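The values are calculated or read from the model by the stated rules, or taken from the named source; none is laboratory data. In this text, all values refer to a predicted model and were calculated from it rather than measured experimentally. Because the Cβ atoms are built from the backbone with ideal geometry, glycine has one as well, and the counts that use them run over all protein chains shown. In case anyone asks, the SASA skips ligands and DNA or RNA and just uses the protein heavy atoms, side chains included. Shrake-Rupley method; radii C 1.70, N 1.55, O 1.52, S 1.80 Å.
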Amino acid sequence: MRKTLASLIPLVFITCMLWSTLIIMPSQAVPAGWSGDSNLEFLFLLNGTSAAEANSSHPVPVITDLTMNLTIHAVNNLHLWGGSLVMQYLGISIVNQPLSLSYDLPAGFNASLLNTSIPLGSLLTYGGIALVTGTMLGSLSFVYNVTSGTNTTVSQDFVLRLGPTGAAAIMSVAGLVTVAFTITSVFGLLMSLDDFQRGILAARKTRGAKRASDVGIFPSALVLRRRPKKGAETISKEELVRRVSDAARKGWDGRRCPQCGHKWPKEAAKCPKCRLDRTSAPDYFSKGIAEYAPKALSVVKPKSKVTVGTFSRRLKLKPDRGGALAAALTDMGAFQTKSVKVPLMKVALAGMTLAGTYWSWMQIIAGATPSLLDILLLTCAGLIVSVLVAYLMSWLARVPKLGYEE
């Protein structure tokens with residue numbers, strides 16, 4: 001019995017080794033560098049590099065020409081119906097070439113079908129300047145069927161690296177366009193946020209007021225409106241001047257000298273620079289403002305909306321005097337204000353553009369391979385986020401309704 005067991009051990013060991021070999025090793029493995037399956041194999045060389053090895057980590061550099069060599073090998077009897085060669089840049093098809101084939105290939109058939117060169121370098125440059133840099137995605141596919149079998153598709157994806165890399169890539173046309181869009185969107189976003197900050201500060205000063213006189217001097221971001229019907233124009237010019245003068249006198253805030261513009265300390269009875277007396281400062285402040293009242297009515301036309309800053313510039317008044325005049329005319333019922341300047345559209349477009357340039361930078365500098373869907377999703381996400389931020393700031397910049405006395 002012991003002798004029988006001893007003789008069975010080598011047999012069992014050899015059987016296990018054979019089974020493991022059958023399970024682990026495929027019957028027909030595709031050679032290294034080749035693509036396809038157990039029926040159809042092909043070797044696609046791009047500038048001497050196999051397409052099977054050309055991925056995002058090791059793209060094929062293309063500076064001048066792109067040389068393509070294709071060899072196919074039929075493992076079994078099959079019918080080759082056709083194929084296609086596709087190359088995409090930022091999700092846009094640059095090459096979409098169908099391969100019209102219809103051949104019966106016997107088992108063991110081996111042939112070179114393609115040996116050509118594409119002058120991508122000259123096509124993507126102009127005057128020695130690269131037009132396009134970054135990554136290009138490609139795919140080569142074949143459709144075949146074996147005897148009495150269904151159609152099968154085999155394909156191989158590859159990645160090309162176009163043009164120069166690093167800092168030189170930024171100097172290409174695509175890089176310069178990306179830089180221009182980025183700078184424009186960042187600058188526009190910063191300017192828009194600055195406008196929002198001005199609007200929020202203006203709303204904070206205006207919020208809680210019941211009348212325009214409670215505000216004193218309107219901030220530049222407030223928006224002035226005129227109703228369609230004529231109301232304030234029925235007041236005589238003398239009465240208009242008098243009322244504006246009284247309102248402007250009350251609107252002087254005492255922080256700066258109306259004569260020289262120097263900062264006026266609260267405890268000082270006279271201006272430290274020009275020695276203007278504090279008791280006469282309100283009259284000096286209102287002097288010259290009231291005479292602009294009739295002209296102010298023509299600056300803000302009926303049904304129009306003009307910011308206080310624009311209102312002051314058109315009248316050639318300093319911001320504090322223009323704000324005092326706007327507040328006085330609002331108290332009289334000539335104007336109304338219920339909003340501040342908030343650049344919603346500018347913020348939305350700047351945020352969308354900035355998000356859209358992300359993938360351009362990534363594929364120029366880092367060699368990323370985004371699809372058109374990736375670009376659209378990120379651009380839409382940037383638009384949504386910027387709109388939400390804009391509406392949040394617009395809510396923070398809400399102001400009470402002042403003016404249009406009945």
L325 being among the hydrophobic types (A, V, I, L, M, F, W, C), assigned to a loop (DSSP other than H, G, I, E, B) and open to solvent by less than 80 Å² (accessible area, probe 1.4 Å): no
Scope region 47-86; condition under 15 Å from L140 (Cα atoms) and open to solvent by 60 Å² or more (accessible area, probe 1.4 Å); matching residues: E53, N55, W81
Counted residues, region 364-384 - those being over 13 Å from the mean Cα position of the chain (by Cα) and either free of Cβ contacts under 8 Å to residues at least 40 places away in the same chain or under 15 Å from T182 (Cα atoms) (or both): 3
Subset tally (residues that are over 38 Å from the mean Cα position of the chain (by Cα) and over 16 Å from L40 (Cβ atoms)) for region 135-154: 1
Count of region 369-403 residues which are surrounded by 17 or more Cβ atoms within 10 Å (Cβ to Cβ) and not in a helix (DSSP H, G or I): 6
Residue within region 299-315 that is free of Cβ contacts under 8 Å to residues at least 24 places away in the same chain and open to solvent by 50 Å² or more (accessible area, probe 1.4 Å) present: yes
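Rundown of residues vs (1) modelled with pLDDT under 85; (2) over 20 Å from the mean Cα position of the chain (by Cα); (3) open to solvent by 20 Å² or more (accessible area, probe 1.4 Å); (4) not hydroxyl-bearing (S, T, Y), yes/no style:
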| residue | (1), (2), (3), (4) |
| --- | --- |
| Q156 | no, yes, yes, yes |
| I170 | yes, no, yes, yes |
| L189 | yes, no, yes, yes |
| R211 | yes, yes, yes, yes |
Unique match (being among the hydroxyl-bearing types (S, T, Y) and closer than 28 Å to I217 by Cα) among T369, T353, T337, T379: T337
Hits in region 191-209 (condition: open to solvent by less than 60 Å² (accessible area, probe 1.4 Å) and either among the charged types (D, E, K, R) or not in a helix (DSSP H, G or I) (or both)): D194, D195, A209
Which numbered condition K266 fails, given (1) open to solvent by 50 Å² or more (accessible area, probe 1.4 Å); (2) in contact (Cβ under 8 Å) with a residue 60 or more places away in the chain; (3) outside any helix (DSSP H, G or I): (2)
Residue pairs meeting the criteria (Cβ under 6 Å; at least 6 apart or on separate chains; first at negative phi, in region 99-114; second open to solvent by 50 Å² or more (accessible area, probe 1.4 Å) and part of a loop (DSSP other than H, G, I, E, B)): P106/N77; A107/N76; A107/N77
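Is it the case that P343 is in contact (Cβ under 8 Å) with a residue 60 or more places away in the chain, more than 30 Å from L378 (Cβ to Cβ) and open to solvent by 10 Å² or more (accessible area, probe 1.4 Å)? Working first, answer last.
Working: in contact (Cβ under 8 Å) with a residue 60 or more places away in the chain: yes; more than 30 Å from L378 (Cβ to Cβ): no; open to solvent by 10 Å² or more (accessible area, probe 1.4 Å): yes.
Criteria not met by P343.
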Which listed residue is more than 15 Å from A366 (Cβ to Cβ) and outside any helix (DSSP H, G or I), from L160, L176: L160
Candidates G108, G83 - the one that is in a strand (DSSP E or B) and more than 30 Å from G356 (Cα to Cα): G83
Selection from region 36-48 of residues that are at pLDDT below 90 and part of a strand (DSSP E or B): G36
Any hit, region 357-377, residues being of a type in the set (A, V, I, L, M), within 20 Å of K205 (Cα to Cα) and touching a helix residue (DSSP H, G or I) at 6+ places or on another chain (Cβ under 9 Å): no
Count of region 277-321 residues which are assigned to a helix (DSSP H, G or I) and hydroxyl-bearing (S, T, Y): 6
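Here is a yes/no grid of residues against (1) charged (D, E, K, R); (2) surrounded by fewer than 16 Cβ atoms within 10 Å (Cβ to Cβ); (3) in a loop (DSSP other than H, G, I, E, B); (4) modelled with pLDDT under 75:
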position: K229; (1), (2), (3), (4): yes, yes, yes, yes
position: E233; (1), (2), (3), (4): yes, yes, no, yes
position: E239; (1), (2), (3), (4): yes, yes, no, yes
position: A247; (1), (2), (3), (4): no, no, no, yes
position: G261; (1), (2), (3), (4): no, yes, yes, no
Residue that is modelled with the lowest pLDDT, among those in region 269-298 that are under 19 Å from L329 (Cα atoms) and open to solvent by less than 20 Å² (accessible area, probe 1.4 Å): A290
